[in-house]
């Protein structure tokens, strides 16, 4: 890490931060082997660059934060580096490129976004195999993805839909439209209630979107009913 730098292209505005389940729990069984979890790929260690801070120049970690600091918080949380471009921002954003210091702390991210991924195709097929009760082939597809990440292979007996959803987090975090994945499986409410402490007022109704009233009215030849709870 650089002694003075802007790691992510700007200070996050705190609208979206990682849950502990995403940044820590799902990696525990293979924390040191899976290259998707290295500090370059999932940044948890930062050098304090504020000269006014007593921690100036020290490396601080989201896993063992300094006394008095609760993690996550809007200005200090683990994140996946693929959503940003550390040290590789557009030239006009730098105040001092030699120090990788930006003009503003409120910049955005400039990383390219993935649209299609071979890894996701393997994970979708693994999900289909699981639906056919074929855990052996499901595990084979998952392990193609895990082998590239140098992660320990999963045993067929350990493959279930929760494992596949966790693997999608490890592989496709901040890429996939996660809500759509969970909604098509009818598991949005279940996963949010179990793993997201920031959304305590979630309702089972939210497993489905409401059907727009205009679409119901246009359906004059049938009886299009609103989804439950709306």
Worksheet entry | CD proxy at 222 nm, helix term only [per DSSP H run n ≥ 4: -39500 (n - 2.57); per residue of the chain; nearest 500] | -8000 deg cm²/dmol
Worksheet item: Roughly how many Å is it from the Cα centre of the stretch 177-209 to that of the stretch 55-96, as a whole number?
Response: 28
Discussion item. Taking the 0 to 90 degree range and rounding to the nearest ten, how far is the long axis of helix 161-172 tilted relative to the main principal axis of the chain, both from C-alpha atoms?
Written reply: 40
Worksheet, complete the sentence: In degrees rounded to 10, the 0-90 angle between helix 118-131 Cα long axis and the longest Cα principal axis of the chain is 40
Item to complete: Please give the helix 135-148 orientation as an angle from the longest Cα principal axis of the chain, in degrees from 0 to 90, rounded to the nearest 10.
Response: 20
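Residue 92 to residue 45: FRET efficiency via 1/(1 + (r/R0)^6), r the Cβ-Cβ distance, R0 45 Å, to the nearest 0.05? Don't jump to the answer; show the numbers that get you there.
Details: r = 29 Å, r/R0 = 0.64.
The calculated FRET efficiency here is 0.95.
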Practice prompt. Provide the percentage of antiparallel DSSP beta bridges, counting only those with both residues in the chain; round to the nearest 5.
Written response: 100
Worksheet entry | GNM result for the chain, Cα springs below 10 Å: residue of 84, 70, 18 fluctuating most strongly | 70
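No value in this document is a laboratory result; all are computed from the given coordinates. In this text, all values refer to a predicted model and were calculated from it rather than measured experimentally. With ideal geometry, Cβ positions are generated from the backbone for all residues, glycine too; neighbour counts draw on all protein chains shown.
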